[in-house]
Structures are given as C-alpha cells and as structure tokens.
Amino acid sequence: MKDIDWSDYSVETQAIRAGQQRTHEGEHSVPIFMTSSYVFDSAQAASLRFTGQDPGNIYSRFTNPTVDTFQQRLALMEKGERCLAFASGMAAIMAVGMSLLKSGDHVVCSRSVFGNTFLTFQNYFGKFGVETRFVELANLEAWEAAIQPNTQFLFVETPSNPMMELVDIRALADIAHKKGCLLVVDNVFCTPITQQPIALGADIVVHSATKYIDGQGRAVGGAVIANEEIIEKYIYPYLRTGGATMSAFNAWIFLSGLETLAVRMKAHCDSAFALAKWLEVHPAVEKVHYPGLKSHAQHELAKRQQNHFGAVVSFELKGGKEQAWKLIDSTQMLSITANLGDVKSTITHPASTTHGRMAPEARLAAGIKDSLVRISVGLESIEDIKQDLLRGLGDA
Ligand SMILES: *Cc1c(COP(=O)(O)O)cnc(C)c1O
C-alpha cells in the first residue's frame with residue numbers, strides 16, 4: 001500500500017482513506033483484529049516492545065490495529081496530532097479529567113453540558129478534591145472571572161443541548177491560554193465535518209462516537225484528540241492503566257461510520273435547517289432555537305465558526321407541557337428517545353427527561369421550558385417528518 005500523507009487531503013477523503021495499513025492479504029476494507037495479545041519473535045523483541053523502543057502492538061487494552069486505524073483517521077479529521085479511542089464518550093471525558101487533574105485543582109465548565117459530564121465533574125472529581133465552577137456558556141466575562149491560578153482547563157460543548165447556544169471557541173481559547181490553562185471542547189454535536197475546534201485554538205477535543213460518528217445507533221464509543229505531548233504524557237498512560245478501551249469490533253463499526261459521515265452530516269443539517277424554517281412560521285410554535293435562523297442571537301458566530309448549522313432543532317410550543325407531550329405522543333414515525341445523531345429522527349421533551357433531574361428554577365434559568373421539544377433530525381424524507389409533526393401541531 002502506498003505510503004500517503006493524508007494530512008494534505010480534505011476531511012471527506014481522510015474520512016474514507018486515512019489510517020489504513022493493508023496487510024499481506026491485500027484486503028480493501030479495514031479488517032477487524034479480534035485478538036487480545038500479540039506474539040514476538042524473541043525475548044529481546046518483546047522487551048523492546050514493552051519499553052517502547054520498538055513501536056508496535058503489545059496488548060489490545062492499548063494497542064490494536066483496527067482501533068489504531070480509527071484513531072489515526074479521526075486525529076487527521078479533527079486537525080489534531082493524535083487521537084486515542086475509548087469505550088464511550090463518558091470514558092473519554094473521564095480520561096481527560098483523570099489524567100490532567102489532581103486534588104486541589106480547579107475546572108471551569110459550561111453549565112449547559114451533557115448531564116453525565118456535569119455529574120462527572122460535580123460528584124466524582126468533586127469527591128477527590130477537584131472543584132468545578134459552572135458558568136453560563138456564552139458569557140465570556142463569566143469564563144474569565146471564574147478562572148483561578150489552580151484552574152487546569154475549561155470544558156465546553158458548543159452548540160449546547162437542547163438550547164443550541166454557542167460560544168466563540170477562538171475567544172475562549174485565547175482567554176484560557178492567557179490564563180495558562182487548556183480548552184477542552186466536546187465536539188459531539190458538530191463532528192469534524194461541521195466544526196474543527198483545534199483549528200480554532202482548542203487544545204483537546206472529546207467525542208462520543210456513539211452519536212453521528214456511528215450514525216446508525218449501533219455501538220457506544222468515544223475518543224480524545226490532542227497534540228502529541230498531551231496524549232503521550234497524560235492520556236495514553238491513563239488509557240494503558242485505566243483500561244476503558246474501545247473494542248476492535250466497535251472501532252470497525254465507527255470506521256464505516258466515518259466513511260459516510262460527510263454526506264450524512266450535510267444531509268442531516270440541510271433537513272434540520274429546512275425543518276427549523278418550517279417550524280418558525282407554524283402558528284402553533286412560539287419560538288425555534290436553531291443557529292441557522294436569522295432570529296438566533298448567535299447566527300453570525302455560527303456562520304463563522306461552523307460549516308453547517310447542526311442537526312438538532314429545539315422549539316417551544318404555544319402552551320405548556322400538555323401541548324408538548326401531545327405533540328410527542330401524536331407522532332407515528334419519530335422515535336420517542338433522548339438519543340441523537342441517528343439516521344432515525346428522534347423527539348424528546350427535555351424538561352421531563354434529559355433535564356428532569358434539575359431543580360425547576362435551574363432548568364428555567366437554562367431556558368428549558370415545559371413547552372420545549374427537541375428533535376434530532378434524521379435522514380428520512382423531510383416531508384414525512386413534517387407530516388408526522390402535523391399530526392400533533394395541527395394544520396395552520
Ligand atoms: C452522548 C454524549 C456524551 C457521552 O457519550 P457516551 O458515548 O454516551 O458515553 C457526551 N457528550 C455529549 C454532547 C453527548 O451527546
């Protein structure tokens with residue numbers, strides 16, 4: 001196989017070709033290496049491998065050719081130097097915290113992050129003497145004011161779930177670097193097709209491959225992308241010891257997911273944009289939250305920072321929880337589930353599911369009203385999605 005430097009190619013091509021090392025069998029598709037261990041030619045060869053003097057496979061907790069192909073491919077796509085795969089998105093976030101933090105350290109985190117990310121920082125790192133300050137996502141002054149001398153990193157998701165709010169990644173990276181800390185971006189909602197945080201100044205990107213990277217709702221996985229120093233010094237030793245490894249089988253599923261990611265993301269985002277515009281003028285709808293709309297407060301930032309506007313649309317109905325639940329229960333095709341990033345469209349009521357454990361005042365402060373409905377727009381016909389919603393929205 002020709003040794004091609006894929007870094008000069010576009011992200012669509014990298015997603016299909018990068019990282020593969022063909023074996024002597026000449027296979028076209030990436031094979032699944034279901035082996036836990038590897039053999040060495042001699043005692044000396046084994047010793048050189050274990051001390052790292054000879055690069056190569058040792059044990060599939062931390063070295064596996066299928067997983068390695070996935071890692072190399074995603075690293076290039078995210079414009080990072082190196083990627084390590086994990087068993088889930090949460091395992092990837094846990095790895096960042098476990099490897100970079102120690103007792104007495106401090107983290108500043110967006111208030112609008114995935115529920116389990118909030119709990120990881122609050123309950124688990126908190127238990128070991130790491131304090132986390134949660135700040136309003138879009139408020140750059142609040143981020144800067146929350147940073148302390150012992151702050152190790154800022155952690156952010158943009159756009160946020162379910163309100164689709166953004167933060168200026170470049171501005172936040174500048175603030176972090178001025179104060180001597182790192183910026184970590186959870187890029188699950190966008191994927192490298194839609195947004196490349198490292199190119200905007202972020203230091204670490206984390207992923208849940210479970211969402212758009214798989215794209216068909218089959219497997220759970222995650223990844224951390226950063227420069228060589230951060231990976232080699234912090235993340236890799238943690239993976240090798242901590243063991244929250246991605247299986248070769250799941251890496252193979254995610255590799256085939258990456259191959260179609262660019263076309264899927266474009267189609268997801270086009271449909272979401274069309275749906276947002278359609279909902280915005282429907283008389284039963286009070287307000288639509290989607291960065292592609294001119295009515296979105298950060299529309300200009302979204303145009304600058306993202307290649308597409310995302311595939312999640314949230315909207316408030318006229319009325320309250322009753323109207324929201326009625327709409328959800330009237331659908332016939334949409335899946336009632338909080339999952340996202342699937343070819344199947346999903347519909348959810350954030351206030352009573354994903355954000356149901358929050359105190360009602362905190363939930364309202366975050367803008368998550370009882371009348372809010374969130375749709376992760378899939379790849380079914382947009383006309384069928386609209387028809388399904390019309391059952392509960394009613395015709396104009
Ligand atoms: C799902 C999700 C995660 C966690 O990923 P898992 O693979 O489910 O562990 C983290 N961040 C965001 C934004 C997510 O949507």
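The values are calculated or read from the model by the stated rules, or taken from the named source; none is laboratory data. What you are looking at is a predicted structure, and each value in this text was computed from that prediction instead of being measured. Cβ atoms come from the backbone with ideal geometry, glycine included; neighbour counts cover every protein chain shown. SASA here: full protein model, heavy atoms, side chains in, ligands and nucleic acids out. Shrake-Rupley method; radii C 1.70, N 1.55, O 1.52, S 1.80 Å.
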Worksheet item: Applying the Karplus parametrisation 6.51 cos²θ - 1.76 cosθ + 1.60 with θ = phi - 60° to the phi angles of segment 149-156, what ³J(HN,Hα) value in whole Hz is obtained for each residue in order, glycine and proline being reported as x?
Response: x, 9, 6, 8, 7, 9, 10, 9
Worksheet entry | Label point distance in nm, Thr23-Arg240, each placed 7 Å from Cα along Cα→Cβ | 2.5
Practice prompt. Any chance you could run the full-extension gain for Ser47 through Lys386? It's 0.36 nm times the residue separation minus the Cα-Cα distance, nm to one decimal.
Written response: 115.8 nm
Worksheet item: Say R0 is 22 Å: what FRET efficiency, to the nearest 0.05, do Thr13 and Glu228 get from their beta-carbon distance?
Response: 0.45
Discussion item. Under the rule of at least 5 residues apart or a separate chain, name every residue whose amide H is placed under 5 Å from the amide H of Phe134.
Written reply: Cys109
Worksheet item: Relative contact order (percent) for the chain, with alpha-carbon contacts under 8 angstrom and 6 or more residues of separation?
Response: 16
Practice prompt. Quickly estimate the mean residue ellipticity at 222 nm for the chain, helices only: each DSSP H run with n ≥ 4 gives -39500 (n - 2.57), and the total goes over all residues, rounded to 500.
Written response: -10000 deg cm²/dmol
Fill in: Relative contact order computed over segment 313-358 (Cα-Cα under 8 Å; 6+ residues apart), in percent
26
Practice prompt. Enter the angle in degrees (range 0 to 90, nearest 10) between the Cα long axis of helix 248-259 and the first principal axis of the Cα atoms of the chain, meaning the one along which they spread out most.
Written response: 60
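Per residue, what accessible area does the chain have, given a 1.4 Å probe and all protein chains present, in Å²?
Computed with neighbouring chains in place, this is 44 Å² per residue.
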Fill in: Relative contact order [Cα under 8 Å, 6+ residues apart], segment 147-192, whole percent
49
Worksheet entry | Of Lys318/Lys344; Lys321/Lys369; Lys326/Lys386; Lys318/Lys369, pairs whose Cα-Cα distance is over 20 Å | Lys318/Lys344
Worksheet item: Efficiency by 1/(1 + (r/R0)^6): what FRET value for His299 and Asn123, r their Cβ-Cβ distance, R0 = 30 Å, to the nearest 0.05?
Response: 0.25
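Using a Förster distance of 22 Å, how high is the FRET efficiency between Ala142 and Trp278, based on the Cβ-Cβ distance and rounded to 0.05?
Here the calculated transfer efficiency is 0.05.
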Response to the item:
Taking 0.36 nm per residue of separation between Ser330 and Glu81 and subtracting their Cα-Cα distance, the length gained on full extension comes to 84.9 nm
Worksheet item: Where in segment 189-207 does the amide nitrogen come within less than 14 Å of the point 7 Å from the Cα of Asp174, taken along Cα to Cβ?
Response: 200-202
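Over segment 211-253, consider all pairs of different Cα atoms and compute the Kirkwood hydrodynamic radius from their mean reciprocal separation; express it in Å, one decimal.
For segment 211-253, the Kirkwood estimate is 11.8 Å.
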Discussion item. Using the Cα centre of the chain as the reference point, and only Cβ charges (+1 on K/R, -1 on D/E), how large is the resulting charge dipole? Debye, rounded to the nearest 20.
Written reply: 540
Item to complete: Compute the convex hull volume of the Cα atoms of segment 285-396, divide it by the residue count, and report the result per residue in Å³ as a whole number.
Response: 117
Worksheet item: Pairing the Cα long axis of helix 382-393 with the longest principal axis of the chain, what angle in degrees results, from 0 to 90 and rounded to the nearest 10?
Response: 50
Discussion item. On C-alpha positions alone, give me the angle between the axis of helix 261-280 and the longest principal axis of the chain, in degrees, nearest 10.
Written reply: 10
Worksheet entry | Cα-based Rg and Dmax for the chain, where Dmax is the largest Cα-Cα distance (Å) | 21.7, 77
Worksheet item: Can you list the HN-Hα couplings for segment 174-185, worked out from phi with the Karplus curve (6.51, -1.76, 1.60; θ = phi - 60°), rounded to whole Hz and with x for Gly and Pro?
Response: 4, 4, 4, 6, 4, 9, x, 10, 9, 10, 10, 10
Discussion item. Name the residue from Phe309, Gln323, Ser376 whose Cα lies farthest towards the positive end of the charge dipole of segment 270-396, charges +1 on Cβ of Lys and Arg and -1 on Cβ of Asp and Glu.
Written reply: Phe309
Worksheet item: Leaving out ligands, DNA and RNA, what percent of the accessible area of the chain is carbon and sulfur, probe 1.4 Å?
Response: 51
Discussion item. Under the rule of at least 5 residues apart or a separate chain, name every residue whose amide H is placed under 5 Å from the amide H of Glu286.
Written reply: Glu316, Leu317, Lys318
Worksheet item: Just going by the charge dipole of the chain, with Lys and Arg at +1 and Asp and Glu at -1 on Cβ, which of His299, Phe125, Gly243 is farthest out on the positive end?
Response: Phe125
Discussion item. Rounded to the nearest 10 Å², what accessible area does Ile328 have for a 1.4 Å probe in the complete protein model?
Written reply: 10
Worksheet entry | Which of His177, His28, His296 is most accessible, then next, and so on - probe 1.4 Å | His28, His177, His296
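Just flag the GluC sites (Glu not before Pro) in segment 27-125 sitting in loop per DSSP whose Cβ has no more than 14 other Cβ atoms within 10 Å.
Sites meeting the loop and neighbour criteria: Glu27.
So what is Rg over Rh here for segment 334-396, counting just Cα atoms and using Kirkwood for Rh?
Taking Rg over the Kirkwood Rh, I get 1.04.
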Worksheet, complete the sentence: Phi angles of segment 297-308, converted by Karplus (6.51 cos²θ - 1.76 cosθ + 1.60, θ = phi - 60°) into ³J(HN,Hα) in whole Hz with x for Gly and Pro, give 4, 10, 4, 5, 4, 4, 5, 6, 8, 10, 7, 9
